[in-house]
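The structure under discussion appears below in the form of structure tokens.
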Amino acid sequence: QVQLVESGGGLVQAGGSLRLSCAASGRTFSTSTMGWFRQAPGKEREFVAAISWNGGRIYYQDSVKGRFIISRDNAKNTVYLRMNSLKPEDTAVYYCAAHSSGSYYSGPSYNFWGQGTQVTVSS
């Protein structure tokens, strides 16, 4: 069992930065691939980024490559998403999730989810 709590969301102007954090509890965090997803109003949830248990493999959605950085600190049971050069189209609720099996890019492959944190980017 893994419990996830996101924080760090807020309102930012276009071009600005935010860092999201996801604090995890549970024995399996340090061995789990972790992902970030987002869901904008009226749109389906989409994959943003994922990081393997030791940070050795990282995956990004094309639209965030070069702007977002995913990282983790297993000693703190926390995964981060640093978001730079934010755009209005990045506005969404951001969720972190723990991977179970299957594609890292697919939501159903993740079995534990946080409650989400709102990110709003104004133009």
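The values are calculated or read from the model by the stated rules, or taken from the named source; none is laboratory data. Fair warning: this is a prediction, and the values are worked out from it, not measured in the lab. Positions of Cβ are backbone-derived with ideal geometry, glycine not excepted, and every protein chain shown enters the neighbour counts. Areas reflect the complete protein model, heavy atoms only, side chains present, ligands, DNA and RNA absent. Shrake-Rupley method; radii C 1.70, N 1.55, O 1.52, S 1.80 Å.
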Within segment 52-69, can one find any residue that is open to solvent by less than 30 Å² (accessible area, probe 1.4 Å), in a strand (DSSP E or B), of a type outside the set (D, E, K, R) and in contact with a Gly (Cβ under 9 Å, 6 or more places away or on another chain)?
no
Could you check segment 8-23 and list, in sequence order, the residues that are open to solvent by less than 30 Å² (accessible area, probe 1.4 Å) and either over 16 Å from Tyr95 (Cα atoms) or at pLDDT below 95 (or both)?
Val12, Gly16
Of the residues Val5, Val64, only one is modelled with pLDDT of 95 or more, among the aliphatic types (A, V, I, L, M) and over 15 Å from Ser85 (Cα atoms); which?
Val5
Could you check, for segment 103-114, whether at least one of its residues is aromatic (Phe, Trp, Tyr) and within 24 Å of Gly15 (Cα to Cα)?
no
Tally the residues that are closer than 14 Å to Ala92 by Cβ, more than 14 Å from the chain's Cα centre (by Cα) and of a type in the set (D, E, K, R), restricting the search to segment 38-74.
2
Quick one: in segment 101-123, of everything that is touching a Ser or Thr at 6+ places or on another chain (Cβ under 8 Å) and free of Cβ contacts under 8 Å to residues at least 12 places away in the same chain, which residue is surrounded by the fewest Cβ atoms within 10 Å (Cβ to Cβ)?
Ser101
For segment 82-122, enumerate the residues that are over 13 Å from Ala23 (Cβ atoms) and aliphatic (A, V, I, L, M).
Met83, Leu86, Ala92, Val93, Ala97, Val119, Val121
Right, Gly35: closer than 17 Å to Tyr94 by Cβ and outside any strand (DSSP E or B) or not?
no
Output the residue which, of all residues in segment 75-92 that are within 17 Å of Lys43 (Cα to Cα) and touching a residue at least 60 places away in the same chain (Cβ under 8 Å), is surrounded by the most Cβ atoms within 10 Å (Cβ to Cβ).
Lys87
Return only the number of the condition from (1) of a type outside the set (Phe, Trp, Tyr); (2) closer than 23 Å to Ser123 by Cβ; (3) in contact with a Ser or Thr (Cβ under 6 Å, 6 or more places away or on another chain) that Ser7 does not satisfy.
(2)
Here are the criteria: (1) modelled with pLDDT of 95 or more; (2) of a type in the set (S, T, N, Q); (3) not in a loop (DSSP other than H, G, I, E, B). Tell me which single one Ser85 does not satisfy.
(3)
